[in-house]
1. Name the single residue, out of those in region 32-78 being in a helix (DSSP H, G or I) and under 22 Å from PHE376 (Cα atoms), that is modelled with the lowest pLDDT.
2. Out of the residues in region 88-118 that are in contact with a Lys or Arg (Cβ under 8 Å, 6 or more places away or on another chain) and surrounded by 19 or more Cβ atoms within 10 Å (Cβ to Cβ), which is nearest to LEU25 (Cα to Cα)?
3. Output the residues belonging to region 119-132 that are of a type outside the set (Asp, Glu) and surrounded by fewer than 22 Cβ atoms within 10 Å (Cβ to Cβ).
4. Specify which of the listed residues (ILE316, ILE282, ILE371) is outside any loop (DSSP other than H, G, I, E, B), without any contact (Cβ under 8 Å) to a residue 60 or more places away in the chain and under 19 Å from the mean Cα position of the chain (by Cα).
5. Condition check: within 22 Å of the chain's Cα centre (by Cα), of a type in the set (D, E, K, R) and over 20 Å from PHE305 (Cβ atoms). Does LYS208 satisfy that?
6. Can you find a residue in region 268-285 that is in contact with a Cys (Cβ under 6 Å, 6 or more places away or on another chain) and not aliphatic (A, V, I, L, M)?
7. Tell me whether region 256-270 contains one or more residues that are farther than 30 Å from ILE144 by Cβ and part of a strand (DSSP E or B).
8. Any idea which residue in region 319-358 is surrounded by the most Cβ atoms within 10 Å (Cβ to Cβ), counting only those that are assigned to a helix (DSSP H, G or I) and of a type in the set (Asp, Glu)?
Amino acid sequence: MKILFLVPELFTNTGGIQQFNNHLLNALLELGHTLSIVSMNDTSQLPNLSTAHLLNFPTSQLLNFSPCARHRPIRKPLFIMETLKQVLSFKPDLILCGHVNFSPLCMVLSKSFKIPYFTLTYGVDVWNLNGLKPSGLKHSQGVITISNYTKWVMLEQLKNYPNDKISLLYPTFDSERFKPGPKPKYLMEKWEIKESDKVILTIARLSKSEKYKGYDKVILALSKLLNLSSSLLLNFPSSQPLCFKYILGGSGDDIDRIKGLIRENRLEDKVILTGFIPDEEIADYYNLCDVFVMPSKGEGFGIVFLEALACGKPVIAGNKDGSVDAVLNGEVGILIDPDYIENIKKAIMDVCKGDVDKKYLDGSYLRSRVIEEYGFNKFKQKLESILGS
């Protein structure tokens, strides 16, 4: 099938949408489809890219890649013109609309040229559907989304929209890149972490618009954990105290608020702000931690949970969003109410003390289950089923 794939970006950033669409691109090419890609925000031509995502796919089936941000001031009109050009020259059988913002354009193209289109949705992009976006979704041949939660949020807004027109395509991950390993010595030395320290980890974009990820609540829970540990030591002097370190990996415009919260709770020596983590170090951070925590309540899915689980790490997630799907409804991760600091504190303490169901601490089990349910082959099979229908 000839597919025109419209994406916000594939290679400029490494966020969840970019990762999903990179895996989608690889799956489409492995399934034998011929593609033309128009990208709104990428700046580089395909042959100049060194990203790892491109090492294995058959480029002979990728007939065009148009990065419209090479001319950033005019990238939006250029995106529209380039899309129209590809419709006329490439003559696709299907348009994959890689963001709901593009769906009104796809609606016009579909009506004008009789080309069906699927719209991809993720999470925050559809929390508030306004303008022509609802029409763009309703006129799609189908909608592909990444979690039951995102599907539910859309159906709440798209009144009388057929439930069966929304297909679930859960994200996948690189199981060769994310796998168990020893705690990296270079990171332990860099951040002055001892063997006895219990390391809590969150990796997230620290954005004012994404406070729902709950990293601030983990800081508050850490303060309570330290008070609890001190209290236990006073009551039971012979017991071994738990020493906690919280690594918050990521960058963004919410960093000043986070630093203020750390100062207010006197946690300067307990919270480590890494800033941006290079791709080649992310798996090492997962292997450094004892528990991965992200008590989100607005996450579309949470690929970070899959990556942590693939490294054999116990995870704690919120029970109010797409995180529920990521941890298989609690089968491979501990679900807590993200609005309650006490719940976060207790879950972390229980994991670090080993007072949880043993399956949550069994790294081999966690890795095998997450590969079984969210591995690339499963992703590819599901995509083939959706397109075939």
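The values are calculated or read from the model by the stated rules, or taken from the named source; none is laboratory data. Because the structure is a prediction, the values reported are computed rather than measured. With ideal geometry, Cβ positions are generated from the backbone for all residues, glycine too; neighbour counts draw on all protein chains shown.
1. Of all residues in region 32-78, those in a helix (DSSP H, G or I) come to 46-48, 52-54, 59-61, 68-78.
With the extra rule that they be under 22 Å from PHE376 (Cα atoms), the set shrinks to 52-54, 59-61.
Working: ALA52: 39, HIS53: 44, LEU54: 46, THR59: 61, SER60: 69, GLN61: 82.
Filtering first and then ranking leaves ALA52.
2. From region 88-118, those in contact with a Lys or Arg (Cβ under 8 Å, 6 or more places away or on another chain) are 90-94, 100-101, 103-104; that's our starting set.
Keeping just the survivors that are surrounded by 19 or more Cβ atoms within 10 Å (Cβ to Cβ) gives 92, 100, 103.
Details: PRO92: 16, VAL100: 18, SER103: 19 Å.
If we take residues in region 88-118 being in contact with a Lys or Arg (Cβ under 8 Å, 6 or more places away or on another chain) and surrounded by 19 or more Cβ atoms within 10 Å (Cβ to Cβ), then PRO92 is nearest to LEU25 (Cα to Cα).
3. Of everything in region 119-132, those that are of a type outside the set (Asp, Glu) and surrounded by fewer than 22 Cβ atoms within 10 Å (Cβ to Cβ) turn out to be VAL124, TRP127, ASN128, LEU129, ASN130, GLY131, LEU132.
4. Values: ILE282 fails: without any contact (Cβ under 8 Å) to a residue 60 or more places away in the chain; ILE371 fails: without any contact (Cβ under 8 Å) to a residue 60 or more places away in the chain.
Result of the check over ILE316, ILE282, ILE371: ILE316.
5. Numbers: within 22 Å of the chain's Cα centre (by Cα): yes; of a type in the set (D, E, K, R): yes; over 20 Å from PHE305 (Cβ atoms): yes.
Criteria met by LYS208.
6. As a first pass, look at region 268-285 and keep what is in contact with a Cys (Cβ under 6 Å, 6 or more places away or on another chain): none.
No, every residue in region 268-285 fails to be in contact with a Cys (Cβ under 6 Å, 6 or more places away or on another chain) and not aliphatic (A, V, I, L, M).
7. Going through region 256-270, the residues farther than 30 Å from ILE144 by Cβ turn out to be 256-270.
Now restrict to residues that are part of a strand (DSSP E or B): none.
No.
8. So in region 319-358, the residues assigned to a helix (DSSP H, G or I) come out as 323-326, 328-330, 341-353, 358.
Within this subset, residues satisfying the condition of being of a type in the set (Asp, Glu) are 325, 342, 350.
Details: ASP325: 25, GLU342: 11, ASP350: 17.
The extreme case among them is ASP325.
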